[in-house]
Amino acid sequence: MTEIDIEPAETVDARGAACPGPLMDLIGAIRSAESGAVVCLLSDTEQSLTDVPEWTDEAGYELLATEERDDHYEFYVEKA
Amino acid sequence: MTERIVIVGGGTGGTVLANDLADRLGAAIDAGDVEVTLVNDDPDHVYKPVWLYVPFGQREPEDGRRRLRELVDDRIEVRIDRVTEIDTDAERLRYRDAAVPVDYDYLVLATGSTLAPETVPGLEAGGYDYYSESGAKALREELLSFTEGDLVLSVVGTPHMCPAAPLEFVFMADDWFRERGLRDEVDITYTYPIQRVHGNPHIAEWARPLMDERDISVETFFNAESVDPDGTITSMEGVDLDYDLLVSIPPHRGIDLIEKAGLGDDGWVDVDKHTLEAEAAENVYALGDTADTGVPNAGSVAHYQAGVVGQRIASEIRGRPATATYDGKTLCFIETGMDAASFVEFDYESPPSPAPPSEKLHWSKLAYNESYWLTARGLL
């Protein structure tokens, strides 16, 4: 497990939610976040590994990091 | 001592549950050992699927209203009131119209979804919806006289009630304009927040070719950020769509009471998705849209979940282990035009496989809509 030096403005815990719940939770958090803020999404759905980068590419937001933890993933997304 | 069950919300889930409990616990209720109260802030029960047909001039909003008291077994106390506070530690709640708080032994939250269009600037002024009676009536005024231009159906927020309804609307609109010889004059565009046209990949995979065949334009990864009521909807992804008529599925949320009670965020109760028990409190259940299970916000879900909760509460009152569980069962008819529909059935383990659209399924849907009142009464 690595430690990363990003302090998210908000963490969205979507563990346990089925697809597309985690991506929609992330979009909802980004929607209300300030420009430049970082949102961290916690998801245990493999589908998020493709959903999240596809959406950030489409939306022009930066996926700063994807971390694999013991039982979930962390996605750090910066709102443009 | 009398066991008190309070059900908050007289929609499909709450009403079916009240009648289910009257059936299961009738003798105990008659003996005064159990009391069941169903609280709703409207004297009417509202069957929302009727609203899909209102903008096309096919149904009236009143078709979806019946007096709640007439639908519910006489052994149930129907209270037209609003719950203003829940203390799950003390197992007590307050009503708006009562001076003193009321204790409960079992609490069931079936408060459903509310619309939050104000969260997207310009959406209220610039868009129409068919997810409310007033919205469906206002949209009817526009749609019936709409003969040319850009019609945009935008799913702004998920989860939302009846996940099939946005697809149904564009399929029906396509057919409706086609039958009236106006389709060449009307461009239809459908937008969805993620990379496909429906949250469920199997339904999306089925629906997308139908949309292409029907010349319904699709914009995926489209999350409305703002609406200019002069005729432009702009997405977070930086896409502008011009429209002459915007029909939106507004963002939804639950009621504030749930978050204040510490039971979950945005008005949805965190539950065990099999037992439907609240994770943050004892003797509290949630069902229907209110229960954050990840399954669609659909009447069939509330109906099946009500049976599970009824059986569990009845078992607990009888001092027996509660064994009933919800398996994610969902049934849904999907209109694919004005005279054809598909049908899906799925659960937590088995994905949906949409049936080929047919006139028979369309009539099955309409027939069920009529017989829904038997469901509400606990008979079907």
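Build a GNM of chain B with springs between Cα atoms under 10 Å apart, and of B:Gly11, B:Gly262, B:Gly112 the one that fluctuates most is B:Gly262. B:Asp339 label point, 7 Å along Cα→Cβ, cut-off 11 Å on backbone N: hits in segment B:157-186? Residues B:179 fall inside that zone.
The slack in the chain from B:Thr323 to B:Leu182, taken as 0.36 nm per residue of separation less the alpha-carbon distance, amounts to 45.2 nm. Normalising by residue count, segment B:63-153 has a Cα convex hull of 172 Å³ per residue.
With both labels modelled 7 Å from their Cα along Cα-to-Cβ, the B:Ser364 to B:Ala99 distance reads 5.6 nm. The 3J(HN,Hα) values that the Karplus relation (6.51, -1.76, 1.60; θ = phi - 60°) gives for segment B:223-235 are, in residue order, 10, 4, 9, 7, 10, 9, x, 6, x, 9, 10, 10, 9 Hz. Gly and Pro appear as x. For the protein assembly as shown, the percent of C-alpha pairs falling in each 20 Å distance bin, counted from 0 to the bin holding the largest distance, reads 24, 55, 21, 0. Relative contact order of chain A: what whole-number percent is it, with Cα pairs under 8 angstrom and at least 6 residues apart? After rounding, I find 34 percent. Computed from the C-beta positions of A:Asp5 and B:Ser226 and an R0 of 35 Å, the FRET efficiency is 0.55 to the nearest 0.05.
The accessible surface of chain B, taken with every protein chain in place and a 1.4 Å probe, is 44 percent carbon and sulfur.
Calculated mean residue ellipticity, 222 nm, chain B: -8500 deg cm²/dmol, from DSSP H runs (n ≥ 4) at -39500 (n - 2.57) each, averaged per residue and rounded to 500.
Note on B:Phe333: accessible area approximately 50 square angstrom, rounded to 10, probe 1.4 Å, nucleic acids and ligands left out.
Of the residues B:Leu123, B:Leu144, B:Leu246, the one that moves most in a GNM of chain B with alpha-carbon contacts below 10 Å is B:Leu144. Apolar share of the accessible surface for chain A: 42 percent from carbon plus sulfur atoms, 1.4 Å probe.
Going from the isolated chain to the complete set of protein chains, segment A:14-38 loses at least 20 Å² of heavy-atom accessible area (1.4 Å probe) at A:Cys19, A:Pro20, A:Leu23, A:Met24, A:Ile27, A:Arg31. If R0 equals 45 Å, the separation of the Cβ atoms of B:Gln58 and A:Glu46 corresponds to a calculated FRET efficiency of about 0.55. Structure remark: mean-square fluctuation, Gaussian network model of chain A, C-alpha springs under 10 Å; the largest value among A:Ala29, A:Ala65, A:Ala14 belongs to A:Ala65.
Across segment B:6-47, the residues whose backbone nitrogen lies under 20 Å from the label position 7 Å along the beta-carbon direction of B:Lys137 are B:41-47. Interface area, chains B and A: about 1300 Å² of buried accessible surface, summed, with a 1.4 Å probe and ligands, DNA and RNA left out.
For a straight C-alpha distance cut-off of 17 angstrom, the lysines reachable from B:Lys365 (same-chain residues fewer than eight places away being disregarded) are B:Lys48.
Per the Debye formula on identical point scatterers at the alpha carbon atoms of segment B:118-251, with no solvent, log10 I(q)/I(0) at q = 0.19 Å⁻¹ is -1.12. For B:Glu316 and B:Ser145, the FRET efficiency from 1/(1 + (r/R0)^6), where r spans their Cβ atoms and R0 equals 56 Å, is about 0.50. Taking 0.36 nm per residue of separation and subtracting the Cα-Cα distance, full extension of the segment from B:Glu282 to B:Thr84 would add 69.3 nm.
Taking all protein chains as shown and a probe of 1.4 angstrom, B:Ser217 keeps an accessible surface of around 60 Å². Volume per residue of the convex hull around the Cα atoms, evaluated for segment B:286-380, comes out as 108 Å³.
The residue among B:Tyr285, B:Gln305, B:His274 whose Cα reaches farthest toward the positive pole of the charge dipole of segment B:268-312, with charges on the beta-carbon of Lys, Arg, Asp and Glu, is B:Gln305. Accessible surface for the protein assembly as shown, divided over its residues, is 43 Å² per residue with a 1.4 Å probe. With Cα atoms defining each centre, segment B:206-248 and segment B:290-335 are spaced 35 Å apart in the structure.
Placing +1 on the Cβ of every Lys and Arg and -1 on the Cβ of every Asp and Glu, with nothing else charged, gives segment B:1-62 a dipole about its Cα centre of roughly 240 debye.
The values are calculated or read from the model by the stated rules, or taken from the named source; none is laboratory data. Just so you know, these numbers come straight off a predicted model, no measurement behind them. Backbone-built Cβ (ideal geometry, glycine too); neighbour counts: all protein chains shown. Ligands, DNA and RNA are excluded from the accessible area calculation, which covers all protein heavy atoms including side chains. Shrake-Rupley method; radii C 1.70, N 1.55, O 1.52, S 1.80 Å.
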